[in-house]
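Everything below concerns the one structure shown next.
The values are calculated or read from the model by the stated rules, or taken from the named source; none is laboratory data. Note that the coordinates shown come from a computational prediction; the quantities given were computed from them, not determined experimentally. Neighbour counts run over all protein chains shown; Cβ positions are idealised from the backbone, glycine included. Remember, those area values only see protein heavy atoms, side chains included, never the ligands or the DNA or RNA. Shrake-Rupley method; radii C 1.70, N 1.55, O 1.52, S 1.80 Å.
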Amino acid sequence: MIKQYMKEHGYPKLKKAKNSEIFQALMEMTNEMLQQKKMQQKKLQQEKNGEDQKKIYYISSEFLMGKLLGNNLINLGIYEQISKELMKEGISLAFIEEWEAEPSLGNGGLGRLAACFLDSGATLGLPLDGIGLNYHCGLFRQVFRNHKQKEKPDDWMKNNGFLKKNKKSYTVEFGGFHVRSICYELEVSGYHNRINTLHLFDLPEVERKIIRRGIRFNKKKIKKNLTLFLYPDDSDEEGRLLRVYQEYFMVSNAAQMILEEAKKKGCNYHDLDAYARIQINDTHPSMIIPELIRLLGKKGVGFEEAVEIVTKVCAYTNHTILAEALECWPMSYLEKVAPSLVPIIKKLDRKIKKKYSLPKVDIIDENQCVHMAHMDIHYSHSTNGVAKLHTEILKETELHEFYKLYPERFHNETNGITFRRWLLHANWALAKLLIDSIGEEFITRPEKLEDFMQYYEDNETLKDLSSIKMKNKKRLANYLRRTQGKRINPDAIFDVQVKRLHEYKRQQLNALFAIHMYLEIKRGRVLPTPVTLLFGAKAAPAYTIAKDIIHLILCLQELINKDPDVSPYFNVIMMENYNVTLAEKVIPACDISEQISLASKEASGTGNMKFMLNGGITLGTEDGANVEIHQLVGDDNIFIFGEDKDTVIERYQRGDYRSKDYYDKDPMLKEAVDFIVSEKMLKIGKKKNLNRLYRELLDKDWFMTFPDFQEYVAIKNKAYAAYENQREWLKMSLVNIAKAGYFSSDRTIQSYNEEIWRV
Ligand code: 26Q
């Protein structure tokens, strides 16, 4: 197939072609197939009953898509065929796939969730398009220099040919000037099913040249910088303003496009509800509500009616209860960026003040700040949390006043992950074992995975699971050696914590454990099987403590791996630039999945689900979707520790947590904490950073690592001991795989559709 294509399109023969040429040919061929499929789809619809009348628009400032080639080949049903064809010439498709740069359009969980949802929407045959922004240099590329994170622009567009410019263009009016947008598209293929579209808006004048050292640039030149980076540094006012410019630009384009598409299908604006459903992914796109009301007004729809229509069309997803992440913009910012929305937002707020006179639910507070989430809840028909525990906390605590006003609007939609990328693509060996054991139905009917439980006692299957894990560990070891010059031992237990760096996720707790383990081994403890602690995490450029935690881990890596007394038993590896591509290699290789956030703080987590599906055993707190994982696999197939959410929430309410009390009472903890500023560490690292982190823990420890330390050390030791009984361990792994069906994003999207969109 690819041979033929290359021949017909003037490429050299496979044997003589460079890898870059094979990649180019595969990409072009795939693009053509996607276009053809899309045309067929359109034709078929026209023949049948016209276009899909009602369409779902998932609006999000982030879509963390991952590389596209492999995923498209899988969804088009030709991955194996191409892979075999290339293999005949001694070429590895996995290797060719590395030529593609992954679109750098997201931070972490929320963006990756959006990408999984697009895959599931298309796979289920739903008309579900994404709308977002095309950030030229993406988030940032992380490099380590002198044991510190440095940020570099990520020029992903240079090596990604799936992005296609289309003809859409709209005018967006900011205060004092206007811009004309352009729009790119990415085709989103479903598994043996439909093709949807991700629309990414952009500006023609954006200039790479204005970037100076690292990722610094002039934040005032809006026309030149608007879509240069995802969330520029928000530590200063200019950065925050730029973020509001980005948000308004995104939603104004989205609203204009949605109205235009609806109109084309016969909508008269009064019946927009029959043509569009809008899912607002966290508060970043919230201005779509006043923007739609404004545009409907221009089309002749009265204010009150427009409010009603928009409320019916929009739905809002909350992804966090962290106060600092809840967007609340000063009115003065909106006056500067989007002055035409200001009277509308004020009117919306007056309605609420008049109806409820309850300051807690106001949109505009007494400091003239606009609470985006409040606007969403009042003026959309659905608010949802992303895991059972999270939704409960929203209803009982964070959004309790709103829940009392609108109990029927609250839903839980537990997150999910696409099995196509996180099983078929990332771990074909395991997928193949599953297909051979229980058939391939589970790929689109995830509840079928449970059939794998039949093999619980089957020695052959357990042996297969063991050799697949080993193969994946070796693959990761090779990859890290090749791409980062890091050496890891595939015979070690892989104990993995990969996710954005945030204090609430508590990488610092894991680092304290590493110190403890180092000291124990120095005192003569030996481990029957060596352990490798693997970290991967980017810190926000302006998040000082997060960067100090990275510094600590990098210093520990240096100290521990170079100590001949310790390194035969225990290693610490901090992988550079953790992203989707690396995740696809790390997750299938993991034995122990660290999900150790402070209970109540992680809304859901989705990495936890990916590890489970790939046979990793969760070691975690009762937080987010860990609670649901625990319920599914039972006490014997997970390692749970730590204080529960009620204890934590009560302690915050009392405000009486003093980390120093724990430090004074617990010599083991004291020893580990003091080591941060020990002579050995100061020889490797920077006094300023290590000392600042040390003081932070002693004086504040806002995410309460100290109360959980003893239990954490105990449970890690328990997990390492359990690993020694390989048969029992593999059985645990099998249960995790078999019970992971619930976490397919197909289930999640089906549920959004049944409860919220009703398309
Ligand atoms: C807000 C204001 C100003 C600047 C930045 C932001 C901002 C940017 C990104 C706030 C939040 C985010 C991203 C949040 C996120 O990724 N949340 C995660 O969402 C996942 C999907 O639901 C959950 O699984 C995770 O638990 C949650 O942390």
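Do the conditions hold for H136, that is, is it open to solvent by 10 Å² or more (accessible area, probe 1.4 Å), modelled with pLDDT of 95 or more, closer than 25 Å to K209 by Cβ and away from the ligand (no atom under 16 Å from the Cβ)? Yes; evaluated as a whole, the condition is true for this residue. The residue of segment 324-336 that is farthest from the chain's Cα centre (by Cα), among those that are within 24 Å of N107 (Cα to Cα) and among the hydrophobic types (A, V, I, L, M, F, W, C), is W329.
Of the residues examined, E308 is not one that is away from the ligand (no atom under 16 Å from the Cβ) and in a loop (DSSP other than H, G, I, E, B). Hey, among I321, I293, which residue is modelled with pLDDT of 95 or more and either under 31 Å from the mean Cα position of the chain (by Cα) or part of a helix (DSSP H, G or I) (or both)? After applying the criteria, what remains is I293. Got a number for residues in segment 177-236 being more than 16 Å from the ligand (Cβ to nearest atom), small (G, A, S) and more than 14 Å from G132 (Cβ to Cβ)? Of the residues in that region, 3 qualify. What about D646, is it within 16 Å of the ligand (Cβ to nearest atom) and at pLDDT 95 or above? Judged against the criteria, D646 is not a match.
Listed by position, the helices (runs of 4 or more DSSP H) contained in segment 1-118 that have at least 1 residues being hydroxyl-bearing (S, T, Y) and farther than 30 Å from L259 by Cα are 2-8, 19-48, 79-88. Residues of segment 18-40 that are buried (at least 18 other Cβ atoms within 10 Å of the Cβ) and farther than 26 Å from N166 by Cβ: I22 alone. Of everything listed in (1) open to solvent by less than 20 Å² (accessible area, probe 1.4 Å); (2) more than 23 Å from L241 (Cα to Cα), the single unmet condition for G297 is (1).
If the condition is being of a type in the set (F, W, Y) and assigned to a strand (DSSP E or B), then segment 324-338 contributes only W329. Identify all residues within segment 77-110 that are of a type in the set (A, V, I, L, M) and surrounded by fewer than 19 Cβ atoms within 10 Å (Cβ to Cβ); write none if there are none. Across segment 77-110, the qualifying residues are I78, M87, I91, A94, A101. Restricted to strands (runs of 3 or more DSSP E) entirely inside segment 168-254, those with at least 2 residues that are open to solvent by 20 Å² or more (accessible area, probe 1.4 Å) and touching a Phe, Trp or Tyr at 6+ places or on another chain (Cβ under 9 Å) are 182-189. Residue-level check: of (1) open to solvent by 20 Å² or more (accessible area, probe 1.4 Å); (2) in a loop (DSSP other than H, G, I, E, B), D623 misses just (1). Listed by first and then second residue, the pairs linking a residue in segment 487-511 that is within 24 Å of M470 (Cα to Cα) to a residue that is more than 14 Å from the ligand (Cβ to nearest atom) and modelled with pLDDT under 95, with Cβ atoms under 6 Å apart and 6 or more places separating them unless they lie on different chains, form an empty list. For segment 324-344, the criterion of being away from the ligand (no atom under 16 Å from the Cβ) and closer than 27 Å to T391 by Cβ is satisfied by no residue at all.
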